[in-house]
Structures are given as C-alpha cells and as structure tokens.
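Remarks on the structure that follows.
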Amino acid sequence: MRDFTVLGIETSCDETAAAVVRGRAPGPGEILSNVVFSQIEEHRPYGGVVPEIAARAHVELLDEVIAQALSQSKLALSQIDVVAATGGPGLIGGVMVGVTTAKALALAAEKPFIAVNHLEAHALTARLTGGVAFPFLLLLISGGHCQLVAVEGVGRFRLYGTTIDDAAGEAFDKTAKLLELPYPGGPAIEALATHGNPRRFALPRPLLGRPGADFSFAGLKTAVRQVVRSGKEFAPADLAASFQAAVIDVVVDRTRAASERFRSEFGSIANHLVVAGGVAANHALRQALAAFCESEDFTIAIPPPALCTDNAAMIAWTGVERSGLELFDELSFSPRARWPLQDVAEGISGHVPLQGERATSQ
Ligand code: KG4
Ligand code: ZN
C-alpha cells in the first residue's frame, strides 16, 4: 500500500477547518498542516451554535482556510492525491458548503473525492496520532454525540450504546448556561469545578449500573436546574463539581459495561480504549478513564485535545485510510444531516464495498 496525501475539509458544526495529511494505514500519519478557524465568538452571544450564522461563516471563511492549509503544507493542489470533506452528520448548511467546495476542487484538479463521515473521522483519529490497531473500543463524547462503539475496521462498527437524550457535551453546555457561565460550557465548568466540592450535591447518575451501554443526561440537567431555581444560596463551584462528578461516574460506568461486551466479542487481545470528541479534553474525565483502564488492563489512547475537538486533520486522515482501500465517492454524493456510523459502509452513492466488508448494525 502506498502513501496518500489528502486535503481534508470540515464544516459540519462551528469550526471551519482544512488540513493536509500524508500517510497510510494503520498510521501514524504526518500532519502537514491543520488550520482551524473557530466561530465561537460569532455564536457566543446566543449561548450555542446558530445554524444560519454557521453556514454563512463557513461560506465566508472556507476558501481562505483552505488556502492557508495548502500554503502551510507547502503543496499545490496538483500535488494532493485526494480531496475529502465531511459529508455528514451535522448542520446541513455547513456540510453543504464543505462538500460543494471539495467537489469543485476535486473536479478542477482531476482528483478523487471522498465524503467522510464525521463520526468515523473522530473514531480513526487515534490511528492518525498513534497507529492504534483494529479492533478497538471507542468512547465518542462530544457536544453532538455520546456513543460507545466497537471499531472493527474502516466502515465497520458495532454500536454498543448511545445517548437516549442529550450528549455529554450538551449537558455541560446547558449546565453552564444555568450557572451563567460562557459558551462553550465544558471548559468553563471544568475550571469552576476545580474549586468546588463534588460531594456537596447528591445529583442523579442516570442509567448507572443498568444493562447495556446507553447514556442519559437529561435528568441530571433537570436536577441542576432545580438546585439553581430553588432560591437557596449555593456555591456555583460546588454545583459545577457535583455535576462533573456525576457525568464522570456515568461515563466510566457505561464504558465498563461496553468494555465487558467488547472483551466477550473480541477476546482479551483487543485491549485499546480510544476516547475522542470535545469532552475528552476534560482532565478529570481523562484521569478517571485512565484509572479505569489501568484496573481493567486496557490501554487508553486519547488524541491531544486539539485533535479531540472538531478539526480537518481527522477528515484528511479518514481520506488517507479510505484511499488505501479505494473507497472513493461519486460527485453526486448528497450531504447528510443524519448519518449513523452503522450506515457508513453502505448506501453511499458510488461507494463500492470491498469483498467481505459490511456494516455491522445491532
Ligand atoms: O467535538 P466537539 O468540538 O464538537 C462536537 O462535535 O460536538 O465538542 C464540543 C463539546 C462542547 O459541548 C464543549 O462544551 C465540550 O465539547 N467540551 C468540554 C471540554 N472542552 C470542550 N466538556 C467538558 N470539559 C472540557 N474541558
Ligand atoms: Zn465532532
């Protein structure tokens, strides 16, 4: 298998990003450039991402972000092998901007085009950074997603658990809003929690100890709201610390349940836990997951924070992996607001599954 050099584009939420990555499976790969323009300032007054503002900002920023990614990589478009863009899931206006731009570049430069599933990109980042071998257990924990997934290969996933209401990052953001902290809430809660008493409030731990590996955070958020609206005096740091402790307890418990299933299905040689998504930047959570892995003989792999949050290096890397398997897409590909991981191996226009490859859905 030869090396591929891929231009990746990410526009599915509030980061406008482009990157150039070179390498081959199983990694690690070489990040030649990784430009991320965060639109946080545009969305901050609204306390969350506004889709229309995001789409407009992507239109305004993307050409310049791509130009910077190419110039930092010291490569011309003609020296790129493949153009890859997030094809979903995400805010559809933004995804359309990225996909349309990537198609135009691919057409102009006569290069293949790949529509990348954003979740698959988060999943494969640990191969870009550390060359982690398949299969591995993935905890994907971000503002939009909260899932435990066995990753068997490119396009091959078994969903073990997902959130039945809010994603973990969403719970951080909503709790931060209740505490009148700035958006995005995760880093603000984490900073406040370091000064608080995590045992001050006995907040619920939804689904803790229950069969399966699903998550739920809505009840936790409601409990926080009740404390805030009770009218009684309280120290915000204590509430932030108690909230964060509850999230961590739930996440570790659900990961434990998934790890037992993973071991039973793949045997004890499969021992990597990969953690990805913005919430994986949380230090207290990283520590708790590291302690869990040590006690259970799992090796933990968490990409550096800048590659846990949304970026285009992960999109380019997924392009590298897919190029190696000749999994290119037609220019008729339509952006997808919803695109569950289990559907990644099938139903993509122009996608030709390799022999034996199939989506493993539950
Ligand atoms: O992966 P990401 O950048 O975007 C999505 O695809 O959602 O994740 C953003 C989410 C936000 O909800 C943010 O509050 C959360 O990750 N986050 C954190 C931390 N840093 C970011 N949550 C907890 N602790 C943090 N340090
Ligand atoms: Zn993401």
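The values are calculated or read from the model by the stated rules, or taken from the named source; none is laboratory data. Note that the structure is a prediction, hence the values are computed from the model and not measured. FYI the Cβ positions are ideal-geometry reconstructions off the backbone, even for glycines, and counts take in every protein chain you see. Protein only, heavy atoms only, side chains kept; ligands, DNA and RNA dropped before computing areas. Shrake-Rupley method; radii C 1.70, N 1.55, O 1.52, S 1.80 Å.
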- Query: So what are the ³J(HN,Hα) numbers for region 175-188, from phi and the Karplus equation (6.51, -1.76, 1.60; θ = phi - 60°), rounded to whole Hz, Gly and Pro as x?
  - Reply: 5, 4, 4, 4, 8, 6, 9, x, 7, x, x, x, x, 5
- Message: If you fit an axis through the alpha-carbon atoms of helix 236-266 and take the longest principal axis of the Cα set of the chain, what angle between them do you get, 0 to 90°, nearest 10?
- Response: 60
- Query: Could you list log10 I(q)/I(0) for region 135-303 at q = 0.18 Å⁻¹, which the Debye formula gives when each Cα is one point scatterer?
  - Reply: -1.06
- Task: Could you name the aspartates and glutamates whose alpha carbon sits less than 17 Å from that of residue 111, not counting residues in the same chain fewer than 8 places away?
- Result: 3, 81, 321, 326, 329, 330
- Charge dipole of the chain built from unit charges on the beta carbon (Lys, Arg +1; Asp, Glu -1), centred at mean Cα; most positive-end Cα among 262, 121, 19 is 262
- Message: Suppose only helical runs count, i.e. DSSP H with n ≥ 4. What mean residue ellipticity at 222 nm does that imply for the chain under -39500 (n - 2.57) per run, divided by all residues and rounded to the nearest 500 deg cm²/dmol?
- Response: -13500 deg cm²/dmol
- Message: I want the antiparallel fraction of DSSP beta bridges within the chain, as a percent rounded to 5.
- Response: 60
- Task: Provide Rg and Dmax in Å for the chain, with only Cα atoms included in the calculation.
- Result: 20.2, 65
- Residue by residue through region 107-114, the couplings from Karplus 6.51 cos²θ - 1.76 cosθ + 1.60 with θ = phi - 60°, in Hz, x for Gly and Pro, are 5, 5, 8, 6, 10, x, 10, 10
- Task: Could you tell me which of 223, 247, 197 has its Cα farthest along the dipole of region 135-303 towards the positive end, charges placed at Cβ (Lys, Arg +1; Asp, Glu -1), taken about the Cα centre?
- Result: 223
- Item | lysines with Cα under 27 Å of residue 232, excluding same-chain neighbours fewer than 8 positions away | 174, 177, 221
- Item | Estimated vicinal HN-Hα couplings, Hz - region 30-45 in sequence order (Karplus 6.51, -1.76, 1.60; Gly, Pro = x) | 10, 8, 7, 6, 7, 9, 10, 10, 7, 8, 3, 4, 5, 9, 3, x
- Query: How far is helix 118-130 tilted, in degrees, relative to the longest principal axis of the Cα atoms in the chain, given as a value from 0 to 90 rounded to the nearest 10?
  - Reply: 80
- Message: Only four residue types carry charge here, +1 at the Cβ of Lys and Arg and -1 at the Cβ of Asp and Glu. Report the dipole size of the chain about the Cα centre in Debye, rounded to the nearest 20.
- Response: 700
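May I ask you to give the solvent-accessible area per residue for the chain, in square angstrom, as obtained with a 1.4 angstrom probe?
Details: 14770 Å² over 362 residues.
Heavy-atom accessible area per residue stands at 41 Å².
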